[in-house]
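Engineer: This is the structure, below, for whatever I ask next.
The values are calculated or read from the model by the stated rules, or taken from the named source; none is laboratory data. Just so we're clear, the structure is a prediction, and the values are computed from it rather than from any experiment. Because the Cβ atoms are built from the backbone with ideal geometry, glycine has one as well, and the counts that use them run over all protein chains shown.
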């Protein structure tokens, strides 16, 4: 058996590396191999023993987020291959948004394909199953998945980017009154009603000012997309 590194009580495992990577992202870092090695009390070569590159490590960390999403979905709906298909998709979308907001620093990498072929194959099999049970198959299922994924994951990426930008740049945004002054000066104030402009201005800050309403609107939009495909 190999000797333990100084300061460690267990041998280094791939999942520990991935979890430490995710933890460092959550704390605001975008860790290098050397930073990871220091945090884990090992040498960089010990990490390279398990992963060929930093890209693979980030993939493994993102995979942990997807594992959280699937586990939380199973808790909420039971067996997702048997639960009501619309609720499965709504729950997956909602849990994905919540998870990538919890881990918003790693969300820019959310499109990374999991290293685990089993996770990728299982996830796509689940989507194929629920779309068919929703009454959508073949090419139409591919179209439906594209719309669903673009809406859900694009929304999560946007919301996570707002959180990151607010931390880096500050949460201050122009008020509706300030924006009205800009419109008046630009001569475009009368091109729409003030009620509509005010409603749109309020949405810009909704994730910070009223996150519950923000999530409610997210689910409402997702439901409309999915019910539209179900009707077809």
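Engineer: Select from the stretch 176-216 the residues that are modelled with pLDDT of 90 or more, under 16 Å from residue 155 (Cβ atoms) and out of contact with any helix residue (DSSP H, G or I) (no Cβ under 8 Å at 6 or more places or on another chain) and write down the one among them that is surrounded by the most Cβ atoms within 10 Å (Cβ to Cβ).
Structural biologist: Going through the qualifying residues, I end up with 216.
Engineer: In the stretch 30-39, what count of residues is obtained for those that are crowded, with 16+ Cβ neighbours inside 10 Å and more than 26 Å from the chain's Cα centre (by Cα)?
Structural biologist: Of the residues in that region, 1 qualify.
Engineer: Out of all the residues in the stretch 217-228, which are in contact with a helix residue (DSSP H, G or I) (Cβ under 9 Å, 6 or more places away or on another chain) and either loosely packed, with under 11 Cβ neighbours inside 10 Å or within 15 Å of residue 97 (Cα to Cα) (or both)?
Structural biologist: The answer is 217, 218, 219, 221, 222, 223.
Engineer: Now a separate question. With crowded, with 16+ Cβ neighbours inside 10 Å, within 20 Å of residue 66 (Cβ to Cβ) and modelled with pLDDT of 90 or more as the only criterion, which of 126, 134, 163 stands out?
Structural biologist: Exactly one residue qualifies, and that residue is 126.
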